[in-house]
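Working notes for the structure below.
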Amino acid sequence: MGYRSELESRLAKKTTKAIVDYHMIEDGDRVMVGLSGGKDSWALLQLLDVLRQRAPIRFSLVAVNVDSGYKEYKHDLIAKTCEARGWEYRIEHTTIGEVMDDLLDSNATPCSLCARLRRGVLYRIAKEAGANKIALGHHADDFIETLLLNLFFAGALKAMPAKLVSDDGAHVVIRPLVYVGEDEARAYTKECELPIIGCCCPACGDLSLQRQRAKRLLVELEREHPGVKQSMLKALGNVAPRHLLDTRLNPPAELQARVPADLVRLKADTTYERRDSAAGRIPLNLQS
C-alpha cells in the first residue's frame, strides 16, 4: 500500500518519528482521537489511520467529538465523514456552552476553560470506550506558540509535552503531530478533502489577541530567518538546566566547588609565583 502523495509520505514519516521518539503507541493500544472537526484533528485521524494499516504493531482507533451544545455546530457532517471513511466514532453531546456562561468571568477568555471542560469529557469517554491513549492534534506551531505565550505573558519557561500522564495516572495523552507544521496539516486536510468545521462559540474568536501576536511574530521571524521555528522546536528538547535561574533546578546552597580549598590555594600560589618568576623578581620554587 503506497502513500497517496509526497505530502502524505512526509507527514507519515514525521508522525512515525514522533511516535517512536516518545513511545506514544504500543502493540495492542486503543487510541482515542479527539476530533474537533478542525484541520489539525482531521489530519491526525487520517494519518493515524494510514499508519495503522502499515505499522508492524496492531492498534485500533476511535474518534470522539465533544459537542459543546451550540446549535450551529455541524456534528452531523463529522458523523457522515467518519461513516463514509469507515472510521469508528462517537459524538458526545454536552452543555459545556451553558456551563461556561455560568462559570466564566466577564473579562476572561473562554478558550482555556472550554478546553479544560472538554478534556474532562474526553477522559470520561476514554474509560467508557476502553481507550488507553488519548491523541490530540496539537502541531509544531502550537508547541512553539505556547512556549512564547508562557514566556511573554505567564513568566514560565514551558510549552506542552508530547506525551503526558494525567494527574490521577489514569490516562496517557499523546500529541503525534509534534513534528508537523500547521501549514502542512492544513494542506494535508485539504488534499484529503476533509471538511473543516470551525468553532461556533459566540464569545470566542479564532484566536486570542496574545496568540495572534505570537503567530505574527513567528511568521516575521521565519520570513527573516528561515528555519527559526525548527530551531525553537529543537530547543524544547535541548534544555540546559544549569544555565537557567530556577533555584529548584540549581539550589544555590548546593552549588559548591568540589576541589578541596587547600588545593585551590596551592594552585593560586603557584600561578602567582610563575608570573613573578617570569618577571625576574622571585625564583620559582614550586612546580605544579
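Observations on the model:
- A search for C-beta distances below 6 Å between a residue of the range 152-175 that is closer than 21 Å to VAL33 by Cα and any residue that is part of a strand (DSSP E or B) and open to solvent by 60 Å² or more (accessible area, probe 1.4 Å), counting only pairs 6+ apart in sequence or on different chains, returns VAL172/VAL165; VAL173/LEU164; ILE174/LYS163.
- Strands (runs of 3 or more DSSP E) contained in the range 113-181 and holding at least 2 residues surrounded by 21 or more Cβ atoms within 10 Å (Cβ to Cβ) and of a type in the set (A, V, I, L, M, F, W, C): 133-135, 172-174
- Qualifying residue in the range 39-62 (condition: farther than 17 Å from VAL121 by Cβ, part of a strand (DSSP E or B) and touching a Phe, Trp or Tyr at 6+ places or on another chain (Cβ under 8 Å)): yes
- Members of the range 1-38 found to be touching a residue at least 24 places away in the same chain (Cβ under 8 Å), open to solvent by 50 Å² or more (accessible area, probe 1.4 Å) and part of a helix (DSSP H, G or I), listed by number: ARG10, LYS14, THR16, LYS17, ASP21
- Odd one out for PRO56 among (1) closer than 25 Å to ARG116 by Cα; (2) modelled with pLDDT under 95: (1)
- Residue match in the range 72-92 (condition: among the β-branched types (Val, Ile, Thr), modelled with pLDDT of 90 or more and open to solvent by 80 Å² or more (accessible area, probe 1.4 Å)): no
- Residue within the range 96-105 that is at pLDDT 75 or above, within 25 Å of the chain's Cα centre (by Cα) and either surrounded by 15 or more Cβ atoms within 10 Å (Cβ to Cβ) or within 18 Å of ASP49 (Cβ to Cβ) (or both) present: no
- One residue from ILE125, ILE144 being at pLDDT 90 or above and under 18 Å from the mean Cα position of the chain (by Cα): ILE144
- When restricted to residues that are under 30 Å from THR146 (Cβ atoms) and either surrounded by 10 or more Cβ atoms within 10 Å (Cβ to Cβ) or at pLDDT 95 or above (or both), the range 249-273 contains 2.
- Near pairs, Cβ below 9 angstrom, 6+ apart or cross-chain, from the range 118-145 (within 13 Å of ARG175 (Cβ to Cβ)) to any residue that is of a type in the set (D, E, K, R) and modelled with pLDDT under 90: ILE134/ARG119; LEU136/ARG119
The values are calculated or read from the model by the stated rules, or taken from the named source; none is laboratory data. Computed from a predicted model, the values in this text were never measured in an experiment. Glycine also receives a Cβ, built like all others from the backbone with ideal geometry; neighbour counts cover every protein chain displayed. Heavy atoms of the whole protein, side chains included, go into the accessibility calculation; ligands, DNA and RNA do not. Shrake-Rupley method; radii C 1.70, N 1.55, O 1.52, S 1.80 Å.
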